[in-house]
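Each remark here refers to the structure printed beneath this line.
The values are calculated or read from the model by the stated rules, or taken from the named source; none is laboratory data. Computed from a predicted structure; not experimentally measured. Because the Cβ atoms are built from the backbone with ideal geometry, glycine has one as well, and the counts that use them run over all protein chains shown. Heads up: the accessible areas ignore ligands, DNA and RNA and are worked out on the full protein's heavy atoms, side chains in. Shrake-Rupley method; radii C 1.70, N 1.55, O 1.52, S 1.80 Å.
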Amino acid sequence: MDVLRIIKQPIRRFLIDHFPHLIIEHEWPGFAGRKIDWNNPVDLNEKIQWLSCFSDTSEWSRLTDKYLVREYVKSKGLGDLLPELYGVWEKAEDIDFDTLPCRFVLKCNHDSGSVFIIDKRKINDFDALRRTLCISLNRKFGYNNCEPHYNRISPMIIAEEFLESHDPEVSFSSSLIDYKVWCFHGRPYSIWVCYGRTSSETYVNIYDLDWNVHPEVSVFTKHYRNGRGIVPKPTCLDRMLASAAVLADDFPEVRVDFFEVDDNLYFGEMTFTALAGRMEVFTDDYLKTMGSQIVLPARGH
């Protein structure tokens, strides 16, 4: 069986790069329990897959790139939302840790999850860190769950400012609060808030644009732990929504992520295929509600 899997991998990768809809058709019944209907996609997952396979995704690659998206944010007049950039490297061995501050964030620009919060006082083996980064650089993230736009990103490592909140009102969260603004056709729709992140759990809420929390039972499955609406309204909410609208302009669907740190707003990233367009966190009804906000373009445009 393992031999068959190894033989099939090159074929699967070729199809993801050139004919991703064939992979989605094959894998969709195992995820959703039904065939995907390309002619009449309904929910958010299905429409994300349609856009990924049948629309122009060249900008997806540029704006998913955690380095190149910085220029896009600047071009929209929002450069002040960017965390400070300390450096960018194509090879892990080129990183000179002596020139970097004591605390910072290292991340790969081309995937999801390769984020390392660095405190140099706690690092004993920088060569081991470089080896870990090399593994991340060589990973083709787009092959994991059929997201080919990731494979078109040239891998790099970036070092950014470490963001840390000192606001006592958000001390309930063990991590920075992540405000993920869902946008459809350039219009913010809702805010998915993630906080209290650990290696094993994440608390979440969904808020409308007036910061009313959605009832958990109508929005979330049991995939995540619900937060019961305890997140206070961010001070920068109005600017967050306005910035999301500017950055999401011209796209049928995109999620724009932000952080608020001591009343200052920071841009996080842009995501076109949230959870690879295979979200199990939301109920079927809520996925259909969000999917109804998307008007698909003519195929091939």
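Using beta carbons and a limit of 9 Å, which pairs, at least six apart or on different chains, have the first residue in the stretch 81-104 and closer than 21 Å to Glu71 by Cα and the second one of a type in the set (Gly, Ala, Ser) and outside any strand (DSSP E or B)? From residues that are closer than 21 Å to Glu71 by Cα, the pairs are Leu81/Ser243; Glu90/Ser154.
Screening the stretch 58-163 for strands (runs of 3 or more DSSP E) wholly inside it with 3 or more residues that are of a type in the set (Lys, Arg) and open to solvent by 50 Å² or more (accessible area, probe 1.4 Å) returns no ranges. When the stretch 168-195 is filtered for residues that are more than 25 Å from Ala245 (Cβ to Cβ) and out of contact with any Phe, Trp or Tyr (no Cβ under 9 Å at 6 or more places or on another chain), the ones remaining, listed by number, are Pro168, Glu169, Ser171.
So for the stretch 18-36 (the condition being open to solvent by 70 Å² or more (accessible area, probe 1.4 Å), of a type outside the set (Val, Ile, Thr) and farther than 17 Å from Arg278 by Cβ), does at least one residue qualify? Break it down into steps so the answer makes sense when it comes.
Keep residues of the stretch 18-36 that are open to solvent by 70 Å² or more (accessible area, probe 1.4 Å), which gives 18-19, 22, 25-26, 30, 34-35.
With the extra rule that they be of a type outside the set (Val, Ile, Thr), the set shrinks to 18-19, 22, 25-26, 30, 34-35.
When the remaining residues are screened for being farther than 17 Å from Arg278 by Cβ, the result is 18-19.
The answer is yes, given that some residue of the stretch 18-36 is open to solvent by 70 Å² or more (accessible area, probe 1.4 Å), of a type outside the set (Val, Ile, Thr) and farther than 17 Å from Arg278 by Cβ.
Residues of the stretch 175-188 that are over 17 Å from the mean Cα position of the chain (by Cα) and free of Cβ contacts under 8 Å to residues at least 24 places away in the same chain: none at all. Checked against the criteria, Ala159 counts as among the small types (Gly, Ala, Ser) and touching a residue at least 40 places away in the same chain (Cβ under 8 Å). Just one residue in the set Ile23, Ile16, Ile36 is over 20 Å from the mean Cα position of the chain (by Cα), within 30 Å of Lys288 (Cα to Cα) and assigned to a helix (DSSP H, G or I); that residue is Ile23. Pairs meeting the criteria (first residue in the stretch 189-205 and closer than 17 Å to Leu44 by Cβ and open to solvent by 20 Å² or more (accessible area, probe 1.4 Å), second residue of a type outside the set (S, T, N, Q) and at pLDDT 90 or above, beta carbons under 6 Å, at least 6 apart or on different chains) are Tyr189/Trp182.
Residues that are assigned to a helix (DSSP H, G or I) and either open to solvent by less than 40 Å² (accessible area, probe 1.4 Å) or touching a residue at least 12 places away in the same chain (Cβ under 8 Å) (or both) within the stretch 164-174 comprise Glu169, Val170, listed in sequence order. Flag: Ser165 matches the condition of being at negative phi, touching a strand residue (DSSP E or B) at 6+ places or on another chain (Cβ under 6 Å) and modelled with pLDDT under 90. Contact annotation: residue pairs with Cβ atoms under 6 Å, 6 or more positions apart or on different chains, pairing a residue in the stretch 220-245 that is touching a residue at least 40 places away in the same chain (Cβ under 8 Å) with a partner that is open to solvent by less than 100 Å² (accessible area, probe 1.4 Å) and of a type in the set (Asp, Glu), are Pro234/Glu260.
Can you run down the residue pairs with Cβ atoms below 9 Å, 6 or more apart or on separate chains, where the first is in the stretch 65-76 and within 12 Å of Ile158 (Cα to Cα) and modelled with pLDDT of 95 or more and the partner is charged (D, E, K, R) and in a helix (DSSP H, G or I)? Listed by first residue and then by second, the contacts come to Leu68/Arg62.
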